[in-house]
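Notes follow once the structure below has been shown.
The values are calculated or read from the model by the stated rules, or taken from the named source; none is laboratory data. Just so we're clear, the structure is a prediction, and the values are computed from it rather than from any experiment. Cβ sites come from the backbone with ideal geometry, for glycine too, and all protein chains shown count toward neighbours. Heavy atoms of the whole protein, side chains included, go into the accessibility calculation; ligands, DNA and RNA do not. Shrake-Rupley method; radii C 1.70, N 1.55, O 1.52, S 1.80 Å.
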Amino acid sequence: MSKIKVAVAGLGRIGKIHLKNLCRNFPEIEVVAVMDVEDASKKIADEFNVPVFVKSFDELLAVEGVDAVVICSPTDTHADYVVKAANAGKQIFCEKPLDLSLDRVKEVLEIVEKSGVKLMLGFNRRFDPEFKKIKQLVEDDAIGEVQIVKITSRDPGPPPVSYIKVSGGLFLDMTIHDFDMARFISGKAVKEVFAKGAVMVDPEIGKAGDIDTAIITLTFEDDSMAVIDNCRKAVYGYDQRLEVFGSKGMAQAENNFPNNHKLYTESGISGDLPLHFFLERYDASYNQEMSEFIEALVSGSEMPVGGNDGLLSIAIGLAAKKSVAEGRPVKVEEVLIE
C-alpha cells in the first residue's frame, strides 16, 4: 500500500514534536513538505530529510501528492489554513483552538463538512496513558456513576506577556484543555460554568487584561460537577492531576516524575520534582495522538477528536470569561446562541 503523504505547517515547539514523531515512528506515512515563515526552520526540515521547505501555506498545499496537513502554526492562522486545506481536499490535523471566535469556528466547521474531508483537533491530553486509563475505568463502570471530576493544571511559569496579549486569555489558552478533559472523562455535556479568577502571579498579566489564577466549577447535564484549578506558576514544576469520584469509588492520576525514588532521612523525605513542562509531561500523548490520527486516515473511521469538541471547549471558555466578568454562573447555551 502506498504511503500517506503528509505536510506540516509551523515548526515551533509543537510542530517540531509532531514532525519528529511523524518522521521517526510511522513508516506508513511520508512527510513530503514543511512550511514555516522563518528561514532558519529549513535546518529542521533538512535534519529530518524532508525534501520540500516552503514559507507560505499556499505553497505547501501546492506540493504534489499531499494527502493530509498537520497545522501547528500560530492560533490566528488556524481557521484560514483549515479552510484552505478543506477546499483543497486535504485531510486535516489542527492544533487547538480552531479560532477564538465562536462564529468563525462555526463557519469553518460548515466549510469542512461540505468539503467532505476529515478534521482532527489537537487536544493531546486525551491521549495521555494515565488519563486514558482513567477514561477506561469510567467506561468500564469501575467508578460507578461519576459525581465529581477534579482537575489540577498548573504551569511551572507564565508565558511572556506578549504571548498573553494574543492568546485569548487563560480560559481559551490554558484551561481549554481542562474543559475538553472534563467532557472527555465524564462523557457528559457541560450546561453551566461558574468561574473566579485573579492576578496572583504577575501584575503585568493583569495589565494585559488577563488573569493567571482561577477556580472553575462546571455543572454537567445531570447536575454532577467538575472542579478545575489553574495557575500560571507552580514553583515545584508542571502540576497535572486528575481525580474522578463516583458511586462505586474513586480513581486518580498523579503527576509524572523523572523517577520514583524517595530519600528518607532524619531531616525528612525528598524526591524529584514533577516533569518540568508539557513537552516532557505529554511526550507520549503527542505520539499517540498522531498515531490515532493516522489510523483514522488509513481506516476511514471517525477522528477521535472532532470539530464539535473544539467548538464546545471554546464555548465553555467564553462562558468562563463571562462568568468572571459578571460574577455569576453562565449557561453554555447563552454563549452558543449569542
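Between the Cα long axis of helix 129-139 and the first principal axis of the chain there is an angle of about 70°, rounded to the nearest 10.
Using only the Cα atoms of the stretch 92-177, build the gyration tensor, take square roots of its eigenvalues as a ≥ b ≥ c, and label the shape rounded, prolate or oblate: rounded if a/c is under 1.5, else prolate if a/b is larger than b/c, else oblate.
Values: a/c = 2.33, a/b = 1.21, b/c = 1.92.
It is oblate, given that a/c is not under 1.5 and a/b is not larger than b/c.
Considering only alpha-carbon pairs that sit under 8 angstrom and 6 or more positions apart, the relative contact order computed for the stretch 57-118 is 35 percent. Solvent-accessible surface (1.4 Å probe) assigned to Tyr236 amounts to roughly 80 Å². The accessible area of Arg232, taken with all protein chains in place and a 1.4 Å probe, comes to roughly 0 Å². Largest first, the residues Asp202, Asp173, Asp39, Asp67 sort by 1.4 Å accessible area into Asp39, Asp67, Asp202, Asp173.
For the chain, the solvent-accessible area with a 1.4 angstrom probe is 46 square angstrom per residue. Solvent-accessible surface of protein heavy atoms, probed at 1.4 angstrom with all chains present, puts Glu192, Glu64 in the order Glu64, Glu192, largest first.
Report in % the part of the accessible area of the stretch 137-192 that belongs to carbon and sulfur, leaving out ligands and nucleic acids; probe 1.4 Å.
Details: 1040 of 2030 Å².
Accessible surface attributable to carbon and sulfur in the stretch 137-192 totals 51 percent.
Cα extents for the stretch 1-125 along the principal axes, largest to smallest and rounded to whole angstrom: 40, 33, 30. Relative contact order of the chain: 18 percent, from C-alpha pairs under 8 Å at least 6 residues apart in sequence. If you fit an axis through the alpha-carbon atoms of helix 307-326 and take the longest principal axis of the Cα set of the chain, what angle between them do you get, 0 to 90°, nearest 10? Between helix and principal axis, roughly 40 degrees. Its Kirkwood hydrodynamic radius, worked out from the mean inverse distance over all distinct Cα pairs, puts the chain at 21.0 Å. Take every Cα pair under 8 Å whose residues are at least 6 apart in sequence, average their separation, divide by the length of the stretch 122-238, and the relative contact order is 34 percent.
With R₀ fixed at 45 Å, the C-beta to C-beta distance from Lys43 to Asp222 puts the FRET efficiency at about 0.30. From the square roots a ≥ b ≥ c of the eigenvalues of the alpha-carbon gyration tensor of the stretch 69-218, which class results: rounded (a/c under 1.5), prolate (a/b over b/c), or oblate? Verdict is oblate for the stretch 69-218.
Overall shape: oblate for the stretch 198-327, with the ratio a/c of the largest to smallest alpha carbon gyration tensor axis at 1.5 or above and b/c at least equal to a/b. Angle of helix 13-25 to the longest C-alpha principal axis of the chain, folded into 0 to 90 degrees and rounded to 10: 60°.
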